[in-house]
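Asker: Pasting a structure below so you can have a look.
The values are calculated or read from the model by the stated rules, or taken from the named source; none is laboratory data. Small disclaimer: the values here were computed from a predicted structure and weren't measured. Don't worry about glycine lacking a Cβ; one is built from the backbone with ideal geometry, like all the others, and counts go over all protein chains shown.
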Ligand code: FCB
């Protein structure tokens with residue numbers, strides 16, 4: 001492991017990220033409606049060991065302690081998500097005042113602690129009532145999302161300058177609607193693609209509602225550098241198809257106002273669910289592109305009869321996280337310089353909205369959590385980020401996933417991503433070595 005981190009600009013924004021369903025718990029309190037994740041986790045067979053987010057980190061009650069941890073860490077930014085079913089329990093209509101009150105108090109406490117709030121409006125917890133009318137397969141959900149964005153911003157816009165609309169529409173489309181690994185558990189394969197379009201449309205409509213209120217707008221996309229498994233033209237074609245699905249489908253419409261060529265995925269150039277004017281709405285100006293980076297992806301030609309035009313063999317010869325994800329810090333500078341090369345002047349400034357790793361952390365007898373693997377991961381990725389910035393990519397901030405260990409979707413509580421350890425039986429928080437390492441690094445910057 002290294003010595004000091006390289007120098008970042010004085011106004012660089014350091015932060016940590018969380019999401020509502022992963023930390024809040026209190027799923028029936030203060031008028032919160034049911035979300036697709038409540039339904040999904042309470043259906044046997046979906047989540048490891050049948051775990052749910054019913055209690056999670058109990059952040060809904062313990063937020064003062066969590067904000068104190070943030071303040072002591074010394075980060076200037078906190079990315080959290082707002083639970084749509086707390087604001088509109090059935091996904092439409094007037095806001096539930098108690099739901100807004102919770103985020104209102106959170107925002108005030110963050111500001112009092114010197115931390116800038118960066119809310120995400122949708123981190124996958126769709127109100128179940130909207131799923132019952134088709135969820136993101138239903139175009140109307142895009143309009144409902146813009147309405148929710150407006151009522152939420154009307155309450156918080158005087159104190160919250162910048163907003164993220166969606167988290168990772170790629171992952172929500174593919175895990176939620178194509179493969180059924182996440183809520184709502186649909187297994188539509190490539191027939192899930194209208195949900196991608198409707199999420200992007202919802203983003204665009206919400207972006208306009210936010211901008212009309214004088215607010216800055218971002219979206220957080222999960223992006224990955226794609227490497228063909230070999231020189232075989234079939235592998236190269238498969239890699240192009242995967243890059244289209246994972247990356248370009250979610251950045252070309254936002255930044256260029258058009259969809260990439262979907263022929264490699266066997267899809268029509270002119271899908272019927274894309275209406276006139278949609279692409280102009282989706283390409284509403286972005287103040288920054290949020291990038292969630294975890295690892296690159298290796299792609300090979302499809303197995304015959306497999307249903308998808310690619311397979312994803314493991315990346316060999318690199319360390320892996322507790323989740324089994326490959327650790328490739330150079331993938332981050334490759335990704336960022338690749339975005340700059342692909343989009344040129346159409347690329348807005350970037351904020352890294354998630355980066356981090358899962359480690360099998362335990363609290364030692366002396367009360368310490370020795371997560372050296374996480375320190376190495378973060379150190380390597382910050383060096384990669386610095387290289388990309390030195391190469392001219394404009395990056396304004398870096399948010400670590402995550403402040404706390406939390407409910408990691410289909411993995412339940414089995415993957416620990418936090419800078420702070422959570423003992424779920426007692427809700428005791430223990431800052432890990434990585435927390436102390438980051439705190440010292442930020443402190444040295446003054
Ligand atoms: C991202 C999600 C986030 C968390 C991390 C590990 O895909 O946005 O909620 O689960 O992965």
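Asker: Look at region 46-81 and say how many of its residues are under 20 Å from residue 398 (Cα atoms) and within 21 Å of the chain's Cα centre (by Cα).
Answerer: Of the residues in that region, 10 qualify.
Asker: Condition test on residue 429, is it touching a residue at least 40 places away in the same chain (Cβ under 8 Å) and either assigned to a strand (DSSP E or B) or in contact with a strand residue (DSSP E or B) (Cβ under 7 Å, 6 or more places away or on another chain) (or both)? Before the answer, list the steps.
Answerer: Values: touching a residue at least 40 places away in the same chain (Cβ under 8 Å): yes; either assigned to a strand (DSSP E or B) or in contact with a strand residue (DSSP E or B) (Cβ under 7 Å, 6 or more places away or on another chain) (or both): yes.
In short, yes.
Asker: Quick one: which residue in 320, 311 is over 24 Å from residue 441 (Cβ atoms), within 16 Å of the ligand (Cβ to nearest atom) and more than 19 Å from the chain's Cα centre (by Cα)? Lay out the reasoning, then the answer.
Answerer: Working: 311 fails: within 16 Å of the ligand (Cβ to nearest atom).
Just one listed residue meets the conditions, 320.
Asker: Could you run through region 53-95 and say how many residues are without any contact (Cβ under 8 Å) to a residue 24 or more places away in the chain and touching a helix residue (DSSP H, G or I) at 6+ places or on another chain (Cβ under 7 Å)?
Answerer: Going residue by residue through region 53-95, those that are without any contact (Cβ under 8 Å) to a residue 24 or more places away in the chain are 93.
In the following step, the residues that additionally are touching a helix residue (DSSP H, G or I) at 6+ places or on another chain (Cβ under 7 Å) were identified as none.
Summing the residues that are without any contact (Cβ under 8 Å) to a residue 24 or more places away in the chain and touching a helix residue (DSSP H, G or I) at 6+ places or on another chain (Cβ under 7 Å) in region 53-95 gives 0.
Asker: Only one residue in 279, 286 is outside any helix (DSSP H, G or I), in contact (Cβ under 8 Å) with a residue 12 or more places away in the chain and either touching a strand residue (DSSP E or B) at 6+ places or on another chain (Cβ under 9 Å) or on the phi < 0 side of the Ramachandran plot (or both). Which one? Before you say what the answer is, go through the steps one by one.
Answerer: Numbers: 279 fails: outside any helix (DSSP H, G or I).
Testing whether each residue is outside any helix (DSSP H, G or I), in contact (Cβ under 8 Å) with a residue 12 or more places away in the chain and either touching a strand residue (DSSP E or B) at 6+ places or on another chain (Cβ under 9 Å) or on the phi < 0 side of the Ramachandran plot (or both) leaves just 286.
Asker: Quick check: is even one residue across region 229-238 touching a strand residue (DSSP E or B) at 6+ places or on another chain (Cβ under 7 Å) and without any contact (Cβ under 8 Å) to a residue 40 or more places away in the chain?
Answerer: So far as region 229-238 goes, yes, one or more of its residues are touching a strand residue (DSSP E or B) at 6+ places or on another chain (Cβ under 7 Å) and without any contact (Cβ under 8 Å) to a residue 40 or more places away in the chain.
Asker: Looking for something surrounded by 21 or more Cβ atoms within 10 Å (Cβ to Cβ) and under 16 Å from residue 282 (Cβ atoms) - is there at least one such residue anywhere in region 228-247?
Answerer: Yes, the conditions are met somewhere in region 228-247.
Asker: Another question, then. When you go through (1) surrounded by fewer than 20 Cβ atoms within 10 Å (Cβ to Cβ); (2) under 30 Å from residue 321 (Cβ atoms) one by one for residue 223, which number turns out not to apply?
Answerer: So the condition that residue 223 fails would be (1).
Asker: Can you tell me which residues in region 289-300 are over 30 Å from residue 14 (Cβ atoms) and out of contact with any strand residue (DSSP E or B) (no Cβ under 7 Å at 6 or more places or on another chain)? Please lay out each step first, then the result.
Answerer: Keep residues of region 289-300 that are over 30 Å from residue 14 (Cβ atoms), which gives 298-300.
Selection gives nothing.
Asker: On to the next question. Checking residue 340 against (1) surrounded by 19 or more Cβ atoms within 10 Å (Cβ to Cβ); (2) in contact (Cβ under 8 Å) with a residue 40 or more places away in the chain; (3) more than 18 Å from the chain's Cα centre (by Cα): exactly one of these is not met. Which one?
Answerer: (1)
Asker: Which of (1) within 27 Å of residue 68 (Cβ to Cβ); (2) at pLDDT 95 or above is the odd one out, the single condition residue 346 does not satisfy?
Answerer: (1)
Asker: Here's another thing I want to ask about it. Where residues in region 370-402 are under 18 Å from residue 354 (Cβ atoms), part of a loop (DSSP other than H, G, I, E, B) and more than 12 Å from the ligand (Cβ to nearest atom), which of them is nearest to the chain's Cα centre (by Cα)?
Answerer: This residue is 393.
For (1) under 21 Å from residue 411 (Cα atoms); (2) in contact with a helix residue (DSSP H, G or I) (Cβ under 7 Å, 6 or more places away or on another chain), each residue gets a yes or a no:
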residue: 341; (1), (2): no, no
residue: 359; (1), (2): yes, yes
residue: 373; (1), (2): yes, no
residue: 376; (1), (2): no, no
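Asker: Please pick out the residue among 60, 21 that is surrounded by 23 or more Cβ atoms within 10 Å (Cβ to Cβ) and assigned to a helix (DSSP H, G or I). First the steps, then the outcome.
Answerer: Numbers: 60 fails: surrounded by 23 or more Cβ atoms within 10 Å (Cβ to Cβ).
The unique qualifying residue is 21.
Asker: OK, next. Answer with yes or no whether residue 353 is over 30 Å from residue 45 (Cα atoms), touching a residue at least 40 places away in the same chain (Cβ under 8 Å), assigned to a strand (DSSP E or B) and over 19 Å from the mean Cα position of the chain (by Cα). Give the steps one after another, and end with the answer.
Answerer: Details: over 30 Å from residue 45 (Cα atoms): yes; touching a residue at least 40 places away in the same chain (Cβ under 8 Å): yes; assigned to a strand (DSSP E or B): yes; over 19 Å from the mean Cα position of the chain (by Cα): no.
Spelling it out, it is not the case that residue 353 is over 30 Å from residue 45 (Cα atoms), touching a residue at least 40 places away in the same chain (Cβ under 8 Å), assigned to a strand (DSSP E or B) and over 19 Å from the mean Cα position of the chain (by Cα).
Asker: Quick one: which residue in 196, 183, 178, 209 is more than 16 Å from the ligand (Cβ to nearest atom) and out of contact with any strand residue (DSSP E or B) (no Cβ under 6 Å at 6 or more places or on another chain)? Spell out the reasoning first.
Answerer: On the way: 196 fails: more than 16 Å from the ligand (Cβ to nearest atom); 183 fails: more than 16 Å from the ligand (Cβ to nearest atom); 178 fails: more than 16 Å from the ligand (Cβ to nearest atom).
Unique residue meeting the criteria: 209.
Asker: Go through region 230-251 residue by residue and tally those that are farther than 21 Å from residue 177 by Cα and part of a helix (DSSP H, G or I).
Answerer: 8
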